[in-house]
Amino acid sequence: MPEVRSLEQQLLTRMLVRHAYRERLAAERFRSAIPLAQGEGERDRLLTLATEEDEHYDGCCEVAVAHRIDIEPLIRQRRCLVPGIPLFTTWLDVLLARAFNDQAGYHVLRGVMGCKFQDYGNLARRIVEEEKEHGAEGAQLLIQYSLGRRADLDRMRAAVAVHLGAAIRCVGRADTEGDREAVRLGLKTRSSAETLAEFSDYADQVLAAAGLTWFSPLRSNIDTLTQDHWNRGTKVT
Ligand SMILES: [Fe+2]
Ligand SMILES: [Fe+2]
């Protein structure tokens, strides 16, 4: 007979699957970007980032095993339903994903550091330290890149929209039943709405410094940037 899992276990499973999928995809995307790198320095950095994301993924798998969650088939399933981090076809994609998607993951995990399951809270704390660095460096590189390419603004606008939309989806929808229950049961310490607000403030600062302000303030553009995916009925919760 299949095991009946409590709501708490179901929510932990969902959080871990979302998280592990993000780490897996980040590692894959950074490796895929190696041909886009200019010189050894950029190539080495991508390889280092990919290795770190692999370690974050392994950490998720360890927590899953400890809680008797068979995570791999669930990640494969999610991969079919949810696009996650967009493909990298230009160096700008790499910088946007580092500045926004990595940082979205960082803000999500800040809310998991106080998870009632200590092993997951500890993993979140460990990753937060590394992702903070990824995001800060990514934002700095994005600002430099953007300020040096004012002639390419039209092309940049489309890419910014794609990566901001993906980063917002990474945080998750605000005010869902699952989100409320996860906070109530102590799996995380704050709601997706709170995380989204914190991420939006961060993104607005980076967009202003980079001179890419089409979607600022981000809080007012969340629906515009996500409706293509969320209104198509794609299951992203
Ligand atoms: Fe990561
Ligand atoms: Fe990262």
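Yes/no matrix, rows are residues, columns are (1) buried (at least 18 other Cβ atoms within 10 Å of the Cβ); (2) in contact (Cβ under 8 Å) with a residue 40 or more places away in the chain; (3) hydroxyl-bearing (Ser, Thr, Tyr):
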position	(1), (2), (3)
Ile168	yes, yes, no
Thr189	no, yes, yes
Thr195	yes, yes, yes
Tyr202	yes, yes, yes
Gln205	no, no, no
Trp214	no, yes, no
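If you go through the range 109-143 and pick out every residue that is surrounded by 21 or more Cβ atoms within 10 Å (Cβ to Cβ) and among the acidic types (Asp, Glu), you end up with 1.
Taking (1) within 16 Å of ligand 1 (Cβ to nearest atom); (2) loosely packed, with under 13 Cβ neighbours inside 10 Å in turn, Asp175 satisfies each apart from (1). Suppose the filter is away from ligand 2 (no atom under 16 Å from the Cβ), over 24 Å from Asp58 (Cβ atoms), in a helix (DSSP H, G or I) and among the aromatic types (Phe, Trp, Tyr); does Tyr145 pass it? So Tyr145 passes the test. Selection of the range 217-237 for residues being modelled with pLDDT of 90 or more and surrounded by fewer than 17 Cβ atoms within 10 Å (Cβ to Cβ) yields Pro217, Arg219, Ser220.
Residue by residue, here is whether (1) under 17 Å from the mean Cα position of the chain (by Cα); (2) within 30 Å of Ala210 (Cβ to Cβ) holds:
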site	(1), (2)
Leu16	yes, no
Ala26	yes, yes
Pro35	no, yes
Glu42	no, yes
Thr51	yes, yes
Val63	no, no
Gly84	yes, yes
Thr90	no, yes
Tyr106	yes, yes
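List the helices (runs of 4 or more DSSP H) that sit entirely inside the range 27-116 and contain at least 2 residues that are farther than 14 Å from Val17 by Cβ and free of Cβ contacts under 8 Å to residues at least 24 places away in the same chain. Steps first, answer last, please.
Values: elements: 39-66, 71-81, 91-96, 102-110.
Ranges flagged: 39-66.
Pick out the one residue from Leu187, Leu153 that is away from ligand 2 (no atom under 16 Å from the Cβ) and not in a helix (DSSP H, G or I). Among Leu187, Leu153, only Leu187 is away from ligand 2 (no atom under 16 Å from the Cβ) and not in a helix (DSSP H, G or I). Pull up the range 147-162, narrow it to residues that are modelled with pLDDT of 90 or more and closer than 18 Å to Leu225 by Cβ, then point me to the one that is surrounded by the most Cβ atoms within 10 Å (Cβ to Cβ). Checked the range 147-162; the qualifying residue surrounded by the most Cβ atoms within 10 Å (Cβ to Cβ) is Val160.
Applying a threshold of 7 Å to beta carbon distances and a minimum spacing of six or more residues, or different chains, the list of pairs starting in the range 130-149 at a residue that is touching a residue at least 40 places away in the same chain (Cβ under 8 Å) and ending at one that is more than 13 Å from ligand 1 (Cβ to nearest atom) and outside any helix (DSSP H, G or I) reads Ser146/Gly211; Ser146/Leu212; Leu147/Gly211.
The values are calculated or read from the model by the stated rules, or taken from the named source; none is laboratory data. Not measured: the values here are computed from a predicted model. Neighbour counts are summed over all protein chains in view; Cβ atoms, including those assigned to glycine, are modelled from backbone coordinates with ideal geometry.
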